[in-house]
Amino acid sequence: PKIVQTRKLSIVMYGIAEDTSHHLQSQFASHQFLEKIALPAFAPHHRIQARSIEEILKFADRIELERNSLPFDIDGIVIKVDDFLLQVDIGTTARSPRWAVAYKFAPEQAETKICEITVQVGRSGVLTPVAELEPVSLAGSTIARATLHNREEIERKDIRIGDAVIIEKGGDVIPKVVQVIVAKRPKSSTPWHMPTQCPVCGSPVVHVEGEVAIRCPNRECSDQVLRRIAYFASKDAMDIEHMGPKVVHQLVEKGLVKTMADIYDLTEEEISILDGFKEKAVQNLIRSIDKSRKTTLPRFILSLGIKYVGEGIADLLATHAGDIDSLSAMTLDELVGIEGIGEKVAESVVSYFENPENLKEIHRLFHLGVKPERVKTQKGHPFFGKTFVLTGSLESYSRLEAAAKIKERGGKVSGSVSKKTDYVLVGDEPGSKYDKAKELEIPILSEIEFAKLL
């Protein structure tokens, strides 16, 4: 707490996760409530109840003019359906609510010069060109580098070393080059070309047909190893505390770790040779490594770094496979048969498990005590493989709790009613989803019926 106090953090609250009193009926009312109980919320002139598109656009224009004078950074406004019951009826997709949309302002831009173009090697071997810039202030920070994405992007924009360029933060986060000022280009300028050899290990690069990316095929390339292990240890994957990129860099540089499994073979004596690691730091890292041995199957799948497999896909694979052995044995057709898994992802998963080196690494991880928990789904349960839609207010469960119980029993939760829906769970004051379910003759469950089936 004392360290946090020195950072002078502040907060602005914009919503209430769950109102168990059911007194608040709208987004606007929740802002007023936060203000009433003296919690830091948006100032009254930074929120409106709009009744037309014109009002929304007028508000957006005013906020954009105030943007640079606000005590926090913004990149736009959020437009929401005000009524909470309507929000429930409109529902969500797998990633975001359907009842809210972001209205983004034009990103801030700045002019600078490309001093050099370097090439980074990612954990999967992809070569990414990076513009090394004359430092320039942009959107509250000093920018000295910007991604150039790939060879095709450089050719399309004809980006060269020495060019004067306009940069902006993509989504106000990642700096990128948006325009070359050709009129300021030096006469001695020549086109830039992607290297034919990996800049790290010297291996000849490859261009896979159908892909934009150019790759280093050498899995032992030190930059690939470093980024693969850093990803494996990251918070979203195995969540090994005290093992950030700087620590991983030391472990790889000193030859202590070459594979993911090597992490679990580290000794106190080996860790103690790292810069800045005294007895307490060594013990903290040893404890974190040991703690990470027990993990969930979705996290473990994600940590393997399979191409195209992010958190959502890892969760789907874990739910349908149940364990790594079953996943490694799944065929292309079986994977494509999982709703949400496309052919590209399925091919990547099959290819990963066909590689004996990958299987060897997984078996070594298991041998060293890594134990991903099986996904506990009740395959014989009536909910298994069924798709549910929830509507109305439930008395005994929050919507998240009800959804969790469905998933634990092998079911899926969707945000909208269709012919593929198997059940609609209906609470108090259901909306249009209830009407759609009756129209499509989809079985409707009351909360009591739902509880009995559990």
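The values are calculated or read from the model by the stated rules, or taken from the named source; none is laboratory data. On a predicted model such as this, the values are computed, not experimentally measured, just so you know. In this analysis, Cβ positions are derived from the backbone assuming ideal geometry, glycine residues included, and neighbour counts consider all displayed protein chains.
Is it the case that Ile48 is touching a helix residue (DSSP H, G or I) at 6+ places or on another chain (Cβ under 7 Å), over 30 Å from Val180 (Cα atoms) and either of a type in the set (Phe, Trp, Tyr) or assigned to a strand (DSSP E or B) (or both)? No; evaluated as a whole, the condition is false for this residue. Looking across the stretch 413-454 at every residue that is part of a helix (DSSP H, G or I) and aliphatic (A, V, I, L, M), the one that is farthest from Gly340 (Cα to Cα) is identified as Ile448. The set of residues from the stretch 431-449 being farther than 15 Å from Val413 by Cα and within 32 Å of the chain's Cα centre (by Cα) comprises Gly431, Ser432.
Specify which of the listed residues (Gly380, Gly410) is surrounded by fewer than 17 Cβ atoms within 10 Å (Cβ to Cβ) and outside any strand (DSSP E or B).
Numbers: Gly410 fails: surrounded by fewer than 17 Cβ atoms within 10 Å (Cβ to Cβ).
One residue alone meets the criteria, Gly380.
Listed by first and then second residue, the pairs with beta-carbon distance under 8 Å, at least 6 apart or on different chains, first residue in the stretch 18-41 and assigned by TED's automatic domain parsing to the domain that holds Asp82 and closer than 14 Å to Gln87 by Cα, second in a helix (DSSP H, G or I) and among the aliphatic types (A, V, I, L, M), are Gln25/Leu85. Ser303 meets the conditions (1) farther than 30 Å from Cys198 by Cα; (2) assigned by TED's automatic domain parsing to the domain that holds Asn358; (3) among the small types (Gly, Ala, Ser); (4) modelled with pLDDT of 95 or more in every case but one. The failed one is (1).
Considering only the stretch 237-269, state which residues are aliphatic (A, V, I, L, M), out of contact with any strand residue (DSSP E or B) (no Cβ under 8 Å at 6 or more places or on another chain) and either assigned by TED's automatic domain parsing to the domain that holds Glu361 or part of a loop (DSSP other than H, G, I, E, B) (or both). Give the derivation first.
Quick first cut of the stretch 237-269, residues aliphatic (A, V, I, L, M) only: 237-238, 240, 243, 247-248, 251-252, 256-257, 260-261, 263, 266.
Next, only the ones that are out of contact with any strand residue (DSSP E or B) (no Cβ under 8 Å at 6 or more places or on another chain) stay: 237, 240, 243, 247-248, 251-252, 256-257, 260-261, 263, 266.
Hits for the stretch 237-269 are Ala237, Ile240, Met243, Leu256, Val257, Met260, Leu266.
Given the criterion surrounded by 12 or more Cβ atoms within 10 Å (Cβ to Cβ), small (Gly, Ala, Ser) and in contact with a strand residue (DSSP E or B) (Cβ under 6 Å, 6 or more places away or on another chain), identify the matching residue among Ala404, Ala437.
Values: Ala404 fails: in contact with a strand residue (DSSP E or B) (Cβ under 6 Å, 6 or more places away or on another chain).
Testing whether each residue is surrounded by 12 or more Cβ atoms within 10 Å (Cβ to Cβ), small (Gly, Ala, Ser) and in contact with a strand residue (DSSP E or B) (Cβ under 6 Å, 6 or more places away or on another chain) leaves just Ala437.
If you go through the stretch 183-231 and keep only what is free of Cβ contacts under 8 Å to residues at least 12 places away in the same chain and among the aliphatic types (A, V, I, L, M), you end up with Ala183, Val206, Val208.
Asp61 falls short on exactly one of the conditions (1) exposed (fewer than 12 other Cβ atoms within 10 Å of the Cβ); (2) within 23 Å of Ile16 (Cβ to Cβ), and that condition is (2).
How about the stretch 51-64: which of its residues are of a type outside the set (A, V, I, L, M, F, W, C), under 23 Å from Leu85 (Cβ atoms) and not in a loop (DSSP other than H, G, I, E, B)? Write out each step before concluding.
As a first pass, look at the stretch 51-64 and keep what is of a type outside the set (A, V, I, L, M, F, W, C): 51-52, 54-55, 58, 61-62, 64.
Filter once more, so that each one left must be under 23 Å from Leu85 (Cβ atoms): 51-52, 55.
The one that is of a type outside the set (A, V, I, L, M, F, W, C), under 23 Å from Leu85 (Cβ atoms) and not in a loop (DSSP other than H, G, I, E, B): Glu55.
Restricting to the stretch 270-292, give me the number of residues that are part of a loop (DSSP other than H, G, I, E, B) and crowded, with 17+ Cβ neighbours inside 10 Å. The number of residues fulfilling the criteria is 2. The single condition among (1) at pLDDT 90 or above; (2) of a type in the set (S, T, N, Q); (3) touching a helix residue (DSSP H, G or I) at 6+ places or on another chain (Cβ under 8 Å) that Thr319 does not meet is (1).
Residues in the stretch 293-306 that are charged (D, E, K, R) and crowded, with 18+ Cβ neighbours inside 10 Å: Arg299 alone. Within the stretch 324-333, can one find any residue that is surrounded by 14 or more Cβ atoms within 10 Å (Cβ to Cβ), of a type outside the set (Phe, Trp, Tyr) and in contact with a Lys or Arg (Cβ under 7 Å, 6 or more places away or on another chain)? No, the stretch 324-333 has no match at all.
Suppose the filter is surrounded by 13 or more Cβ atoms within 10 Å (Cβ to Cβ), of a type in the set (A, V, I, L, M) and at pLDDT 90 or above; does Leu445 pass it? So Leu445 passes the test. Residue check: is Ile229 buried (at least 17 other Cβ atoms within 10 Å of the Cβ) and over 22 Å from the mean Cα position of the chain (by Cα)? Spelling it out, it is not the case that Ile229 is buried (at least 17 other Cβ atoms within 10 Å of the Cβ) and over 22 Å from the mean Cα position of the chain (by Cα).
Take the conditions in contact (Cβ under 8 Å) with a residue 40 or more places away in the chain, surrounded by 13 or more Cβ atoms within 10 Å (Cβ to Cβ) and touching a strand residue (DSSP E or B) at 6+ places or on another chain (Cβ under 9 Å) and apply them to Val309. Does it pass? Spell out how you get there, then give the answer.
Numbers: in contact (Cβ under 8 Å) with a residue 40 or more places away in the chain: yes; surrounded by 13 or more Cβ atoms within 10 Å (Cβ to Cβ): yes; touching a strand residue (DSSP E or B) at 6+ places or on another chain (Cβ under 9 Å): no.
No.
Being under 19 Å from Val309 (Cα atoms) and either touching a residue at least 24 places away in the same chain (Cβ under 8 Å) or of a type in the set (A, V, I, L, M) (or both) holds for only one residue in Val370, Val345, and it is Val345.
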